[in-house]
Amino acid sequence: MRLQRKTALITGASKGIGMSVARAFAHEGASLILVSRNINKQDEIVRELEKEGIKFIFRRVDVGERAQVRNLVNDALSIFGKIDVLFNNAGISRPAMLWKMTPEIWNEVIKVNLNGVFYCLQAVAETMMVQQGGSIINVTSSEALLGTFGQINYAAAKGAVHALTKSAAKELARYNIRVNSIAPMAMTEMTKVIFQDNRFQDKYRQRIAMNRFAQPEEIAPAVLFLASDESSYITGQTICVDGGMVMR
Ligand SMILES: NC(=O)c1ccc[n+]([C@@H]2O[C@H](COP(=O)([O-])OP(=O)(O)OC[C@H]3O[C@@H](n4cnc5c(N)ncnc54)[C@H](OP(=O)(O)O)[C@@H]3O)[C@@H](O)[C@H]2O)c1
């Protein structure tokens, strides 16, 4: 098993990409700390892992609140003693064209998608530095790498995540901590607006070389690879798991 004896913290684990990564990590033997604002014991992933007898906890945390993130990491350490992997995945989108974007919508997205990523990265890196090892996987987006319409807040936050991934990778390499990111494209609640409108869907699909959308299950293997020792010599990279939407 590729993550045996490893403990992984997954933010945004209640649905979408985070949920499918939780499933993949559990299958490979990891112990899990599942995080979202509303996760509860009725959730599909919680019921599933309980049935499988996996060692895991779930915590309701807003990653945009630094004190909550600090408490979460302390709580996780008191239970598991270490954190080997962080999948820094929680995110939201609040679309609006530039001229309609209010400071409230701007700040809401920056708070979760950028500040939240930083709070989790910093808190977990501290413990990984003591452990002298770990793997951190952030989540950026094609919208940061290519630009987009109607989501300047989201693109700005994800662009910053792309940049901070490289800086953190440089700072943390000496502690044997690798920091990478993925830029996914998958059908989830966040992207359902694309799939509910046929014209929008066709237009979007034309931007994808493989001309189809993925389920979150097709994103998880790339995250598993970056989390595992198979990627032991890879750091500071962004892997686009998007059917060829972004080619660099
Ligand atoms: N789907 C795509 O094609 C795509 C493309 C590019 C990038 N991404 C990125 O991939 C990541 C996962 O997206 P997804 O498509 O799986 O979205 P999703 O299905 O909407 O899931 C988002 C997850 O984040 C959690 N979350 C949101 N705000 C949070 C907060 N403040 N604190 C803690 N948890 C929070 C949500 O749970 P609660 O609501 O319970 O908090 C949920 O578990 C995001 O960072 C997204 O920006 C996705």
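Note on region 111-197: Cα Rg divided by 2.2 N^0.38 Å, N the number of residues, gives 1.22. Across region 192-207, rounded Karplus estimates of 3J(HN,Hα) from the backbone phi angles (6.51 cos²θ - 1.76 cosθ + 1.60, θ = phi - 60°) give 4, 4, 5, 8, 7, 10, 4, 5, 5, 4, 4, 4, 5, 4, 4, 7 Hz, Gly and Pro being marked x.
Remark: relative contact order (the chain) = 19 percent; criterion is Cα-Cα distance under 8 angstrom and separation of 6 or more residues.
For the chain, the Kirkwood estimate of hydrodynamic radius, built from reciprocal distances between every pair of different alpha carbons, is 18.1 Å. Remark on A214: its backbone amide H falls under 5 Å from those of M187, a criterion applied only to residues 5 or more positions apart or on other chains, H modelled at 1.01 Å from N.
With everything on Cα atoms, drop me the angle between helix 66-80 and the longest principal axis of the chain, reported from 0 to 90° to the nearest 10. The two axes meet at around 40 degrees. The apolar share of the surface of the chain, taken as the fraction of accessible area on carbon and sulfur atoms (1.4 Å probe, ligands and nucleic acids excluded), comes to 51 percent. Each residue of region 206-248 gets 75 Å³ once the volume of the Cα convex hull is shared out per residue. For the chain, the solvent-accessible area with a 1.4 angstrom probe is 49 square angstrom per residue.
Rounded to the nearest angstrom and listed largest first, the equivalent-ellipsoid semi-axes of region 148-248 from its Cα gyration tensor are 29, 16, 11. Note on region 1-127: along the principal axes its Cα atoms extend 50, 30, 24 Å, ordered by decreasing extent.
The values are calculated or read from the model by the stated rules, or taken from the named source; none is laboratory data. Bear in mind that the values here come from a model prediction, so they are computed numbers and not experimental data. With ligands, DNA and RNA removed, areas are computed over all heavy atoms of the protein, side chains included. Shrake-Rupley method; radii C 1.70, N 1.55, O 1.52, S 1.80 Å.
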